[in-house]
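The values are calculated or read from the model by the stated rules, or taken from the named source; none is laboratory data. Predicted model only: the values in this text are computed from it and were never measured. Here the Cβ is made from the backbone with ideal geometry for all residues, glycine too, and neighbour counts use every protein chain on show. Keep in mind that these areas ignore ligands, DNA and RNA; they rest on the heavy atoms of the full protein, side chains included. Shrake-Rupley method; radii C 1.70, N 1.55, O 1.52, S 1.80 Å.
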Amino acid sequence: MATDTPSTPITSRLVGKVMLVSIDNPPVNALGVDVRRGLMSAIDAAETDSAVAAVLIVGSGRNFIAGADIREFGKTPLPPALPDVCNRIEACSKPVIAALQGAALGGGLEVALAAHYRLAVPGAKLGLPEVQLGLMPGAGGTQRAPRLVGAGPALGLMLSGRHVGADEALALGLVDRLGRSDDSLAEGQAYAQELLDADAPVRRTSDAKGLADRDASRAAIDAARADVAAKSRGLFSPEKIVEAVEAALDLPFDEGMRLERTLFMQCIDSPQRAGLIHAFFAEREVAKAPETKAAQPRPLASAGVVGGGTMGAGIAVAMLDAGMMVTMVERDGDSLARGRVNVEKVYDSLVSKGRMSADAKAKVLARFSGATSYDTLSQADLVVEAVFEDMTVKKAVFTELDRVCKPGAVLATNTSYLDIDEIAASISRPQDVLGLHFFSPAHIMKLLEIVVPARVSADSVATGFELARKLRKVAVRAGVCDGFIGNRILAVYRQAADYMLEDGASPYQIDEAVREFGYPMGPYQVADLAGGDIGWATRKRRAATRDPRARYVEIADRICERGWFGQKTGRGYYLYAKGSRSGTPDPEVLAIVDAERSKAGVEPRSFSNEEIVRRYLAAMINEGANVVREGIALRPLDVDVTFIAGYGFPRYRGGPMKYADTVGLARVLADIREFAKEDPLFWRPSPLLVDLVERGADFDSLNKASQV
Ligand code: T1G
Ligand code: NAD
C-alpha cells in the first residue's frame, strides 16, 4: 500500500511487514515543518496499520538528517515541535529502526536516538553540534544520549560539537549495528527483518541505563562544568548543556525534557545564536562568487611554491596536507635547504607528538620536491609566489613563471599589499594571474583571500576557490586595493587603538578590553605575535603617500627602533620570558608611551573598557562599510567571514558587520559622529553607513539583496 502526498518530503510504503519511511528534503533532509508533520503522521499510520510490524526510517540522498532546519530559528515555531515528534517515534508500539548514512546531526541524531534500533553505514557522521550554533540539543538529545552512552561521552559530543564516524559511534553505543555496504536502505531493511525474525522488542532509549553509575555520572558532569567554566570564553549554551544533562541524572525523563526545552528556548533567545547561525550561513555564502557561478575550475593536481620562507613553507604544507604534488623553488641552494627544513619541521613536530607516524611523514614528503631552477614548474597546474614583499622581486619571479609555466597554469601571488594589477600587467597572460592571500601560519589559518585583479579570467578565480576547498580554507573574494579586505580594515582599527594609546589608555588595558569583548588577543598582543617589523615596514612604505594632515602616532616606531619586534625578539609591547608566548607588561614601554604623549603635547585621560571597544569597533565597522561600498568585498557578510576566519573576531558575535546590525547602525554612526568632533579627518562616516541609517536599513539587507 503506497501513500504518496506530493507536497510532503516524507513518503511511506510497506515492504513486507516493514513500513519504509523515507525523508527527501534536499539539500540535507533538514527537519523543516513539513518533515516533522510527515514523520508524525507516518508513525501514526504505522501504529494503526495492522500490516505493519516495524518501521524503518531512512534519508534519501547523501544524508540521513542534518538536523533541525536552521533557517527556521528566530521565526515563529510551527507545530509539531521536534521533541514531540521524537517522543512520538519512541512511543511507537512497533520497533522503529533508523538507518544512517552521511550526516545524522543534531535533531537528526535525536530522531535516531528516539528510534528503538540504529544502524550506521560506512561514511556516516553522527553528532550533536548545536553548540556551534549557540544552541543545545532541543529534542531530547540531552536526556536520551546520556542514558544511551553515559554522561561523559554524551557531554563530550555536545560540548565539542564534533562528528563521530560509524565505527566510533558503534564503540560508543550510539548505534547498534554497522552496515557492510553504504546502501542504508538495503542495510536497514535487512536489519529490520533480522529484528522481526528475532521478535526483537520495542526498546526505548529513555529507559536505557547509561546513567546507572550515579557517582561516575556526577563526576563527569562536574568535570564538564569545570571545563566549560575554564574554556567556554563567554559562550552561553555550554553551561545550559551541562545543566540539562545534570537534569537527566537527577530528574525523571519527562521533567528532564521540560527543563531541556526551557534551556533550549533561552539559547534561542540569546544573541549568540543569531551571531553563530549568521556565521554558519555566511561561510557558505562567501563561496558563491560571480566567478564560481560563471566558470569551472581548472585542474589542480600539482602545484609550485616560489619562496620557502614563513609563508612559502606554510603554503607548501597546506597543499601537501591536501594530497597535492608540490615543488618549491628558491633563489639558491641555501635558501632551498632552509625552505625544506621549514616544511619538514611541521611534520617532525607531529611525529614527535605521536600525531603522525614516520611512515606517513615519508609518504607526504614523497610528494614534495625542491629546486632552484624555475623549469621544474613547467607542468604545475598552479603556482603561488611567496617571495620578498618587493615589486621588483615579484615581477622578476612572474617573468620567470610566464616563461616556463604551461598554458592554463594559474599564477598566484601571496602579496600582502602590492598592486596585483601591476604584477599581472607585467606578463603576457594577465588572465591567469590572481592573488591568493594566505595568513600566517598558512597551514593552520583558515582564511584565504582570493584577490581578483581586473584582467583575470573567471576560471582562474574559480580555480582559486577550488584550491581553498581542497585545502579546507574559508575563501573570501576580495578586490584589489591596499590591504584587500582584512589588512585594510585592520590598519584603520589599529590606528584607532594607537590614538587611544597616545590619548591615555595603556596597551595592556586596550588588549584587556578587546579580550573582554571576546577576542583571544588584543591588538598589541597580536602585533607581538606577528612581529612588529612587518607593520614597521608597511608604515615606512606608506610614509611617502600618508596624508600630512592625518594624525600619526610614533609609539610603535619608537619600540621597533629598539629592535623590540615582539615574541621573536623576546620583547615588544610585552616582555617574554625565554620560550614563553605569554608576555608581561613592560614598564619601559609605558615610559616610551609617556614620553611620546608629552612630545605630542597630549594630556592623557582615562578610558573605560566600554569606550575602548566602542571606538575600536566603530573604526572597524566604518572601514568595513567603505570596503563594501567600493566593491572590494561583495557583501557585508564577506567582511564578517574575513574577520571571524582570519582576525580572531569572536564568532558568536557574527563578525563586525553583523555585530553592527545587533547594536544598531544608528548607534554606530552616532558614535562616529561624536568621535569626529575631535578628529574629523579620521572619523569620516562611511557614505554607505549614512545611507543605510537614513533608509532605516541594516547590513544584512545588503546580504539578502545579493543572494541569487
Ligand atoms: N538547516 C538548514 N540548511 C542546512 C542545514 C540545516 N540544518 N545544514 C546544511 N544546510 C544547507 C547549507 O546552508 C547549504 O545550503 C546546504 O545545506 C549544503 O550544506 C533541535 C536545534 C550537513 C555536514 O549543525 O554541518 O538540530 O549554501 O554546504 O559541506 O536539537 O551542512 O547550498 O544554500 O554545509 O556537505 C544541527 C549543520 C542543527 C549541521 C553538510 N545541525 N550542517 O556539509 O554541505 S540545530 C547542524 C552541516 C538542531 C535540534 C537542534 C553541514 C553538513 P546552500 P553544506 P556539506
Ligand atoms: P620570508 O622573508 O620569510 O620568505 C621569503 C622567501 O622568498 C625567502 O626564503 C627568500 O629566499 C625567497 N626569495 C626571495 N626572492 C626569491 C626569488 N627571486 N626566487 C625564489 N625565492 C625567492 O617572507 P614571508 O613572510 O614568507 O613573506 C612572503 C610573502 O608573503 C610576502 O609578499 C609577504 O608580504 C606575504 N605575506 C606574509 C605574511 C606573514 O605574516 N609573514 C602573511 C601574508 C602574506
Practice problem: Quickly run through the range 651-671 and pick out the residues that are outside any helix (DSSP H, G or I) and in contact (Cβ under 8 Å) with a residue 60 or more places away in the chain. | Solution: GLY654, GLY655
Self-check item: Qualifying positions in the range 482-533 - surrounded by fewer than 18 Cβ atoms within 10 Å (Cβ to Cβ), among the hydrophobic types (A, V, I, L, M, F, W, C) and more than 27 Å from GLN272 (Cβ to Cβ)
Solution: ALA530
Exercise. Can you run down the residue pairs with Cβ atoms below 6 Å, 6 or more apart or on separate chains, where the first is in the range 337-349 and free of Cβ contacts under 8 Å to residues at least 60 places away in the same chain and the partner is part of a helix (DSSP H, G or I)?
Key: GLY339/ALA313; ASN342/ALA313; VAL343/ALA313; VAL343/ALA316; VAL343/VAL317; TYR347/LYS361
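Restricted to the range 299-338, and to residues that are among the hydroxyl-bearing types (Ser, Thr, Tyr) and not in a helix (DSSP H, G or I), which residue is farthest from ligand 1 (Cβ to nearest atom)?
The qualifying residue farthest from ligand 1 (Cβ to nearest atom) is THR327.
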Practice problem: Scan the range 283-290 and give yes if some residue there is of a type in the set (D, E, K, R), assigned to a helix (DSSP H, G or I), within 16 Å of ligand 2 (Cβ to nearest atom) and free of Cβ contacts under 8 Å to residues at least 12 places away in the same chain, otherwise no. | Solution: no
Quiz prompt | Evaluation of SER232 against (1) within 16 Å of ligand 2 (Cβ to nearest atom); (2) modelled with pLDDT under 95; (3) touching a helix residue (DSSP H, G or I) at 6+ places or on another chain (Cβ under 7 Å) (one fails), failing number | solution = (1)
Self-check item: When residues of the range 18-71 are limited to those that are among the β-branched types (Val, Ile, Thr) and within 11 Å of ligand 1 (Cβ to nearest atom), the one surrounded by the most Cβ atoms within 10 Å (Cβ to Cβ)
Solution: ILE65
Practice problem: Any residue in the range 296-312 that's open to solvent by 20 Å² or more (accessible area, probe 1.4 Å): show its pairings with residues that are modelled with pLDDT under 95 at Cβ separation under 7 Å, as long as the two are six or more apart or on different chains. | Solution: THR310/SER440; MET311/SER440
Quiz prompt | Which numbered condition PRO680 fails, given (1) open to solvent by 20 Å² or more (accessible area, probe 1.4 Å); (2) in contact with a helix residue (DSSP H, G or I) (Cβ under 9 Å, 6 or more places away or on another chain) | solution = (2)
Exercise. Starting from the range 54-71, keep only residues that are closer than 27 Å to LEU196 by Cβ, then list their pairs with residues that are in a strand (DSSP E or B) and within 16 Å of ligand 2 (Cβ to nearest atom) whose Cβ atoms are within a distance under 7 Å, requiring at least 6 positions of separation or different chains.
Key: none
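Does the range 123-147 hold any residues that are out of contact with any Lys or Arg (no Cβ under 8 Å at 6 or more places or on another chain) and farther than 16 Å from LEU105 by Cβ, and which are they? Break it down into steps so the answer makes sense when it comes.
Just the residues of the range 123-147 that are out of contact with any Lys or Arg (no Cβ under 8 Å at 6 or more places or on another chain), to begin with: 123-126, 128, 130-132, 137, 139-146.
Selection gives GLN143, PRO146.
Criterion first (more than 25 Å from ASP49 (Cα to Cα), in contact (Cβ under 8 Å) with a residue 24 or more places away in the chain and in contact with a strand residue (DSSP E or B) (Cβ under 8 Å, 6 or more places away or on another chain)) does GLY138 satisfy it?
Yes: the conditions hold for GLY138.
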Quiz prompt | Test for ARG218: is it within 34 Å of the chain's Cα centre (by Cα) and either on the phi > 0 side of the Ramachandran plot or surrounded by fewer than 20 Cβ atoms within 10 Å (Cβ to Cβ) (or both) | solution = yes
Quiz item: List the pairs whose first member sits in the range 8-32 and is in contact (Cβ under 8 Å) with a residue 12 or more places away in the chain, whose second member is of a type in the set (Phe, Trp, Tyr), and whose Cβ atoms are under 7 Å apart, counting only residues at least 6 apart or on separate chains?
Solution: ASN29/PHE64
Quiz item: What single numbered condition from (1) in contact with a Gly (Cβ under 6 Å, 6 or more places away or on another chain); (2) open to solvent by less than 10 Å² (accessible area, probe 1.4 Å); (3) under 26 Å from ALA454 (Cβ atoms) fails to hold for GLY654?
Solution: (3)
